[in-house]
1. MET55: accessible area at probe 1.4 Å, nearest 10 Å²?
2. Show me the trypsin sites (Lys or Arg not before Pro) within segment 47-112 that DSSP assigns to loop and that have at most 12 other Cβ atoms within 10 Å of their Cβ.
3. Pull up the cross-link candidates among the lysines for LYS41, meaning alpha carbon to alpha carbon under 18 Å and not fewer than 8 places away within one chain.
4. Using 7 Å Cα-to-Cβ label points, what is the THR108/ALA92 separation (nm, one decimal)?
5. Under a straight-distance cross-link criterion of Cα-Cα below 27 Å, which lysines are reachable from LYS75, leaving out those fewer than 8 residues away in the same chain?
6. Across segment 94-109, in residue order, what do the Karplus-derived ³J(HN,Hα) couplings come to in whole Hz, using 6.51 cos²θ - 1.76 cosθ + 1.60 with θ = phi - 60° and x for Gly and Pro?
7. Given (i) 109, 10, 6; (ii) 28, 13, 13; (iii) 102, 19, 4 as candidate values of semi-axes √(5λ) of the Cα gyration tensor in Å, which corresponds to the one derived from the coordinates?
Amino acid sequence: MNMAASSSQNGIQLLLPAEQEAQHIVNTARTAKQARLKQAKEEAEKGIAEFRAQMEADFQNKVEESSGDSGANVKRLEQETDAKIDHLKTEASRISHDIVSMLLRHVTTVKN
């Protein structure tokens, strides 16, 4: 039995270094995985920051474009309004004599 115990002891002695090596491989793989996850997270954050910056720049460009258009729209609306006011003044001048005559006729006419 001594030989069986010795053989069993030798087998255990052989397994210990193999187990330690396996544990070392697992730890190395785990460390590498964590490093890769950290790198992937940093790359994703960088990509998100670039995307956010691009979207912000696009938004600012659109705001500037619409602001410029806004100035053009204001000018166009002012011109249209002035044209309509001039038209109304012209029409009022043209028909004001007829309106005054009609009002005087209705005010001075007595009905029973």
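The values are calculated or read from the model by the stated rules, or taken from the named source; none is laboratory data. A quick note: this is a predicted structure, and the numbers were derived from the prediction, not measured. Cβ: placed from backbone, ideal geometry, glycine included. Neighbour counts: every protein chain shown. Keep in mind that these areas ignore ligands, DNA and RNA; they rest on the heavy atoms of the full protein, side chains included. Shrake-Rupley method; radii C 1.70, N 1.55, O 1.52, S 1.80 Å.
1. Counting only protein heavy atoms, MET55 exposes about 100 Å² to solvent.
2. Within segment 47-112, the qualifying trypsin sites (Lys or Arg not before Pro) (loop, at most 12 other Cβ atoms within 10 Å) are LYS111.
3. LYS33
4. Result for the modelled spin labels: 2.5 nm.
5. Answer for LYS75, where 27 Å is the Cα cut-off: LYS62, LYS84, LYS89, listed by chain and number.
6. 5, 9, 4, 4, 5, 5, 4, 4, 4, 4, 4, 4, 6, 6, 8, 7
7. Looking at semi-axes √(5λ) of the Cα gyration tensor in Å for this model, the match is (iii).
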